[in-house]
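These notes concern the structure reproduced below.
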Amino acid sequence: MIASWKDLCIDAVDTGLLGRFWADTLGREVTERGDGLLELTGPTPHHRVWINPVPEPVTVKQRVHLDMHAASTGEVVARGATPLDLTSFRWDVLRDPEGGELCVFPREQVPDERLYEIVVDSVDPAAQARWWAEAIGGRWEHDEEHGWAWVEEIPGAPFECLVFVPVPEPKTVKNRIHWDVDTADVGLLVEHGATVLREPDDDISWTVLADPEGNELCAFVQ
């Protein structure tokens with residue numbers, strides 16, 4: 001374990017619209033931070049979600065999406081989501097108000113923490129799960145029959161699993177959902193296989209990295 005879970009980040013063209021949607025869906029409080037940036041807060045700092053303003057809209061299927069607990073899919077639709085597939089799986093696939101995918105798992109008893117899983121499309125799910133377990137802790141497992149892999153019991157993470165699912169298509173655009181980590185040394189993440197995309201500069205105090213399959217993450221030195 002060379003880093004630790006910090007928080008979650010979601011890109012949005014209209015941060016007010018998407019921020020309200022995710023605050024209500026996740027059970028978070030909204031604070032405006034200026035220049036369109038919103039902070040969604042929960043019981044601990046690890047529950048924090050940043051809604052980051054970006055100019056580009058959703059153009060392709062997201063490689064990272066969120067799975068949610070909810071009393072019903074209808075309540076999420078009422079907040080502004082659009083049904084995408086309500087019949088193929090034991091969960092319901094929706095689009096958020098800006099077109100990003102999410103999955104809703106209806107529950108008779110909704111847990112206090114509504115974020116269930118973070119799901120990542122992957123070429124090699126087992127390798128990705130192992131890499132992330134080694135990076136931020138937790139135990140990784142692999143379902144060879146279905147191809148997916150996951151990391152559970154991640155220290156501090158306010159969700160059950162980080163799940164990697166097999167897909168044939170490669171990553172083509174920047175992910176609209178990513179997470180931040182704390183680390184004592186960014187170099188340890190690079191030695192582990194991360195790639196530096198942007199060093200700290202006059203505008204940012206953190207390092208932007210990519211994992212071995214190109215998924216963006218931000219590392220904060222503590």
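The values are calculated or read from the model by the stated rules, or taken from the named source; none is laboratory data. Not measured: the values here are computed from a predicted model. Here the Cβ positions follow ideal geometry from the backbone for every residue, glycine too, while neighbour counts run over all protein chains shown.
Below, the figures for the structure above:
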item	result
The stretch 190-206, residues that are surrounded by 12 or more Cβ atoms within 10 Å (Cβ to Cβ) and farther than 23 Å from H47 by Cβ	V190, H192, G193, A194, T195, V196, L197, R198, P200
Qualifying positions in the stretch 8-45 - in a loop (DSSP other than H, G, I, E, B), without any contact (Cβ under 8 Å) to a residue 24 or more places away in the chain and crowded, with 19+ Cβ neighbours inside 10 Å	R28
The stretch 190-215, subset in contact with a Pro (Cβ under 7 Å, 6 or more places away or on another chain) and part of a loop (DSSP other than H, G, I, E, B), residue nearest to L8 (Cα to Cα)	W206
Subset tally (residues that are assigned to a loop (DSSP other than H, G, I, E, B), surrounded by 14 or more Cβ atoms within 10 Å (Cβ to Cβ) and of a type outside the set (F, W, Y)) for the stretch 149-189	10
Matching residues, the stretch 130-140, being surrounded by 16 or more Cβ atoms within 10 Å (Cβ to Cβ) and either free of Cβ contacts under 8 Å to residues at least 24 places away in the same chain or among the polar types (S, T, N, Q) (or both)	R130, A133, W140
Boolean, V120 is closer than 18 Å to W148 by Cβ and either under 15 Å from the mean Cα position of the chain (by Cα) or touching a residue at least 40 places away in the same chain (Cβ under 8 Å) (or both)	yes
Where V77 falls short, out of the listed (1) more than 26 Å from P166 (Cβ to Cβ); (2) out of contact with any strand residue (DSSP E or B) (no Cβ under 6 Å at 6 or more places or on another chain); (3) not in a helix (DSSP H, G or I)	(3)
Which numbered condition V110 misses (of (1) modelled with pLDDT of 95 or more; (2) part of a loop (DSSP other than H, G, I, E, B); (3) touching a Phe, Trp or Tyr at 6+ places or on another chain (Cβ under 9 Å); (4) not aromatic (F, W, Y))	(3)
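Rundown of residues vs (1) surrounded by 15 or more Cβ atoms within 10 Å (Cβ to Cβ); (2) touching a strand residue (DSSP E or B) at 6+ places or on another chain (Cβ under 6 Å); (3) within 30 Å of L188 (Cβ to Cβ); (4) modelled with pLDDT of 95 or more, yes/no style:
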| residue | (1), (2), (3), (4) |
| --- | --- |
| V64 | yes, yes, yes, yes |
| D67 | yes, yes, yes, yes |
| T82 | no, yes, no, yes |
| D92 | yes, yes, no, yes |
| G100 | yes, no, no, yes |
| L115 | yes, no, yes, yes |
| Q128 | yes, yes, yes, yes |
| H146 | no, no, no, no |
